[in-house]
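The values are calculated or read from the model by the stated rules, or taken from the named source; none is laboratory data. Computed from a predicted structure; not experimentally measured. Positions of Cβ are generated from backbone atoms using ideal geometry, with glycine treated the same way; all protein chains shown enter the neighbour counts.
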Amino acid sequence: MSLLRLENVSAGYGAVEVLSDVTIDVAPGEVVTIVGANGAGKTTILRTIAGLVRPRSGRKLIDGRDVSALKPPAIVDLGITLVPEGRQLFPFMSVRENLMLGAYKPAARAAIPERMEEVLALFPRVRERLDQYAGSLSGGEQQMVAIARGMMANPRLLMFDEPSLGLAPMIVKQVFEIVDRVVAAGTTVLIVEQNIYHTLSIATRGYVLENGRIVMQDTGPALLRDPHVRRAYLGV
Ligand SMILES: Nc1ncnc2c1ncn2[C@@H]1O[C@H](COP(=O)(O)OP(=O)(O)O)[C@@H](O)[C@H]1O
Ligand SMILES: [Mg+2]
């Protein structure tokens, strides 16, 4: 059974429909990616899963249960966390405080010290910065804090929205190493990323989203070889 399923979901903002009839499955242990141009609706899919955007039609299922009406904290409680585009840290709070905010559900809060140790073991660079203001860190370090914060909730599914956006190539490599570490730790991942070469090469499956519709799905490596994907998204 899918950990997460969007079933024929349409969603949007005000009068504008952004997603049309989107069906996506994520099974436990998978790394799933969504490929699409700017404005295709990738962030809207992640926000819909997180409960920040409500489906207008269709259903959202977690472990087969209809959770379409649940609010964002309830989705986190069910084990799904979003690392949002642009990090969205609290700049005038310490790194430690930012991390603690990732563990706001009651069960996670009780276990903060243990969980923080587990997370910091994955992110040694973050440990060195615990007492600094989050806003004083470099872009790459802030992205690592944002991912570490997402891990604090001990999610079953961690969603990444453009984790490498705006970062220098060398830092992008480090962010992908972190993503790989999250995957290796056994966390299921749904990732949206402009740098599709890396994500498609690690993805068990990928979906191609065009104008709010899924137009193609296959294994990551098969999409990477696909002529349409190569022309439209890799420029080759
Ligand atoms: N808060 C919002 N209000 C109105 N329109 C929005 C909002 N957020 C995104 N959109 C529109 O929805 C479409 C899809 O956006 P988005 O999901 O951010 O795409 P992507 O992440 O693939 O770039 C775009 O046309 C965008 O302008
Ligand atoms: Mg986006």
Checking Leu82, Leu99 in turn, the sole residue that is hydrophobic (A, V, I, L, M, F, W, C), outside any helix (DSSP H, G or I) and either surrounded by 13 or more Cβ atoms within 10 Å (Cβ to Cβ) or free of Cβ contacts under 8 Å to residues at least 24 places away in the same chain (or both) turns out to be Leu82
Checklist (1) closer than 24 Å to Asp218 by Cβ; (2) under 15 Å from the mean Cα position of the chain (by Cα); (3) within 16 Å of ligand 2 (Cβ to nearest atom); (4) crowded, with 22+ Cβ neighbours inside 10 Å applied to Val22, failing item | (2)
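Based on what the data block shows, is Leu52 in a loop (DSSP other than H, G, I, E, B) and within 15 Å of ligand 1 (Cβ to nearest atom)?
Numbers: in a loop (DSSP other than H, G, I, E, B): yes; within 15 Å of ligand 1 (Cβ to nearest atom): yes.
In short, yes.
I need a count of the residues in segment 124-166 that are within 16 Å of ligand 1 (Cβ to nearest atom) and either in contact with a His (Cβ under 9 Å, 6 or more places away or on another chain) or among the polar types (S, T, N, Q) (or both). Let's see the steps before the verdict.
Narrowing segment 124-166 to residues within 16 Å of ligand 1 (Cβ to nearest atom): 159-166.
Still in the running and either in contact with a His (Cβ under 9 Å, 6 or more places away or on another chain) or among the polar types (S, T, N, Q) (or both): 164.
Residues flagged as within 16 Å of ligand 1 (Cβ to nearest atom) and either in contact with a His (Cβ under 9 Å, 6 or more places away or on another chain) or among the polar types (S, T, N, Q) (or both) within segment 124-166 amount to 1.
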Quick one: count up the residues across segment 27-36 that are crowded, with 21+ Cβ neighbours inside 10 Å and over 12 Å from the mean Cα position of the chain (by Cα).
-> 2
Any idea which residue in segment 106-151 is nearest to Ile75 (Cα to Cα), counting only those that are crowded, with 18+ Cβ neighbours inside 10 Å and not hydrophobic (A, V, I, L, M, F, W, C)?
-> Gly150
Residue check, Pro73 against (1) loosely packed, with under 14 Cβ neighbours inside 10 Å; (2) more than 16 Å from ligand 2 (Cβ to nearest atom); (3) in a loop (DSSP other than H, G, I, E, B), all met but one. Which one?
-> (3)
Restricting to segment 26-56, what's the tally of residues that are near ligand 2 (Cβ under 10 Å from one of its atoms) and either without any contact (Cβ under 8 Å) to a residue 24 or more places away in the chain or over 20 Å from Glu210 (Cβ atoms) (or both)?
-> 2
Among the residues of segment 13-25, write down those that are assigned to a strand (DSSP E or B), within 15 Å of ligand 1 (Cβ to nearest atom) and without any contact (Cβ under 8 Å) to a residue 60 or more places away in the chain.
-> Tyr13, Val16
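Looking at this structure, is Gly39 within 16 Å of ligand 1 (Cβ to nearest atom), surrounded by fewer than 19 Cβ atoms within 10 Å (Cβ to Cβ) and within 30 Å of Asp218 (Cβ to Cβ)?
Values: within 16 Å of ligand 1 (Cβ to nearest atom): yes; surrounded by fewer than 19 Cβ atoms within 10 Å (Cβ to Cβ): yes; within 30 Å of Asp218 (Cβ to Cβ): yes.
Considered against the rule, which asks whether it is within 16 Å of ligand 1 (Cβ to nearest atom), surrounded by fewer than 19 Cβ atoms within 10 Å (Cβ to Cβ) and within 30 Å of Asp218 (Cβ to Cβ), Gly39 comes out as yes.
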Say whether the condition of being over 23 Å from Val183 (Cα atoms) and either part of a loop (DSSP other than H, G, I, E, B) or modelled with pLDDT under 95 (or both) is met by at least one residue in segment 111-124.
-> no
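Please go through segment 85-96 and pick out each residue that is among the aliphatic types (A, V, I, L, M) and part of a helix (DSSP H, G or I).
Matches in segment 85-96: Val95 only.
Restricting to segment 76-89, and then to whatever is under 13 Å from the mean Cα position of the chain (by Cα) and more than 15 Å from Pro155 (Cα to Cα), can you tell me which residue is farthest from ligand 2 (Cβ to nearest atom)? Give the derivation first.
Filtering segment 76-89 for residues under 13 Å from the mean Cα position of the chain (by Cα) gives 76, 79-87.
Keeping just the survivors that are more than 15 Å from Pro155 (Cα to Cα) gives 85-87.
On the way: Glu85: 5, Gly86: 10, Arg87: 13 Å.
Per the criteria, the residue is Arg87.
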For Leu6, indicate whether it is more than 28 Å from His198 (Cα to Cα) and under 19 Å from the mean Cα position of the chain (by Cα).
-> no
Within the group Ile80, Ile147, which residue is modelled with pLDDT of 95 or more and under 25 Å from Leu3 (Cβ atoms)?
-> Ile80
Pick from segment 26-39, criterion assigned to a loop (DSSP other than H, G, I, E, B) and of a type in the set (A, V, I, L, M), ranking: modelled with the lowest pLDDT = Ala37
